[in-house]
Amino acid sequence: MITLKKVKQVIFPLLLCAIILPIVFLSRHNSILLDNRFRNRCEPVKWKYRSSFRAYPGNIFRWNLTDLFLREIPSPDCCLQCIVIILIISAPENIEKRNAIRDTWCLQHSYYQDVIGRKWQCVFLIGQARNSVFMARVKREMRQHRDILLGSYRDTYRNLTLKVFHGFYWADAQCKPDFVLKTDDDCFVNTKLLYLMLSNYTVQKSDLYVGNVYLNVAKRVVVRNSESKWALKRTDYEERYYPAYASGMGYIISGDVLSSIIELSRYYRPLPNEDAFVGILVHHLGVKPVKSQRFSFIASGWTVCNYLYLIVIHNITATLQRTLQNKTSLAPNLCKGNTMVTTWS
């Protein structure tokens, strides 16, 4: 005979499970959502890679690039007439470097000029600083110059990939440029030569990924030392070497490659080594990197005539930017016997 007591013993556990299981499921689901929105907006979310950097199955593990934006702060106006957009990695405290660049190789593109007169556009990529004084200065710069894309993530070296893909996504979604040049605020860019090169009809317009490419295997070793800022665990990336990739001090990608790596990147947790991560994605696309000596790590020893050839020079101080800009202006008149080479070699 079934008593009321036995009924309670059976039904109550079932009701308890019916209440608890949905709570556990929602808790786990919300945890995934928080990860997708870069919990604490600090270091990259801690997803594990599949073997040898394979894509995740399905869409659940996609990272949402729109979460890199601050919705309450407007993005820079887009230069729709420009052939190339220059994305410049900068830190909140590097005000002197940004002003030096604005006064030299990005001067032509003041937002107070007629839009039709622009040929390229410079945008500084900056993340969140812990120092409120620096952040207040950055926001004043944004209002004055309108050339800063401010992200939701912490401005740390290990978040560099978030910063770069924030810029990539903005450029691709808003501007649709023919080319993007990614560089750093300690570099000099010969913008006039860059424009002449990219507007020349003989220059490759699609499937382009060019820079100072590491072809030597020894320079592409994946660092495992946990004390290094470039360190990666085997659980993050199993291969011993990265595929050939261009140094982050400066590389150019065409608009079609830009769109493709943005879409492909959604399936992978972002590696902290930005330039290697871009190289991996480009490799998966089957695009061959082009090595060019026009992108140089050497900051000194160049003649004036070399500035008919060099596009990006690394390790340049703010005070040296004006000197190099003057040399690019002098070169066409002092080196009249030289003709512009329209190849990357």
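The values are calculated or read from the model by the stated rules, or taken from the named source; none is laboratory data. Given the structure is predicted, the values throughout are model-derived calculations rather than measurements. Note that we place each Cβ from the backbone using ideal geometry, even for glycine, and neighbour counts take in every protein chain shown.
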- Pull up the range 311-335, narrow it to residues that are in a loop (DSSP other than H, G, I, E, B) and within 23 Å of VAL203 (Cβ to Cβ), then point me to the one that is modelled with the lowest pLDDT. CYS335
- Sort out which residues of the range 219-265 are surrounded by 17 or more Cβ atoms within 10 Å (Cβ to Cβ), more than 30 Å from LEU310 (Cα to Cα) and not hydroxyl-bearing (Ser, Thr, Tyr), and write them in order of number. LEU232, ASP236
- Of everything in the range 309-324 that's touching a residue at least 12 places away in the same chain (Cβ under 8 Å) and farther than 13 Å from CYS187 by Cβ, which residue is surrounded by the most Cβ atoms within 10 Å (Cβ to Cβ)? TYR309
- Looking at the range 189-202, is at least one residue over 22 Å from ILE101 (Cβ atoms), in contact (Cβ under 8 Å) with a residue 40 or more places away in the chain and not β-branched (Val, Ile, Thr)? yes
- Query: Do the conditions hold for SER260, that is, is it in contact (Cβ under 8 Å) with a residue 12 or more places away in the chain and either in contact with a helix residue (DSSP H, G or I) (Cβ under 9 Å, 6 or more places away or on another chain) or more than 25 Å from LEU193 (Cα to Cα) (or both)?
  - Reply: yes
- Of all the residues that make up the range 90-107, how many are outside any helix (DSSP H, G or I) and in contact with a Cys (Cβ under 9 Å, 6 or more places away or on another chain)? 2
- Tell me which residues, restricted to the range 285-308, are under 22 Å from the mean Cα position of the chain (by Cα) and crowded, with 18+ Cβ neighbours inside 10 Å. VAL287, PRO289, VAL290, SER292, ARG294, PHE295, SER296
- Task: Taking only the range 122-149 into account, find how many residues are farther than 20 Å from ASP186 by Cβ and within 18 Å of the chain's Cα centre (by Cα).
- Result: 1
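The rows are residues; the columns are (1) in contact with a Lys or Arg (Cβ under 6 Å, 6 or more places away or on another chain); (2) modelled with pLDDT of 95 or more; (3) surrounded by 15 or more Cβ atoms within 10 Å (Cβ to Cβ).
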{"position": "ILE88", "(1), (2), (3)": "no, yes, yes"}
{"position": "ILE101", "(1), (2), (3)": "no, yes, yes"}
{"position": "TYR111", "(1), (2), (3)": "yes, no, no"}
{"position": "VAL123", "(1), (2), (3)": "no, yes, yes"}
{"position": "GLY127", "(1), (2), (3)": "yes, yes, yes"}
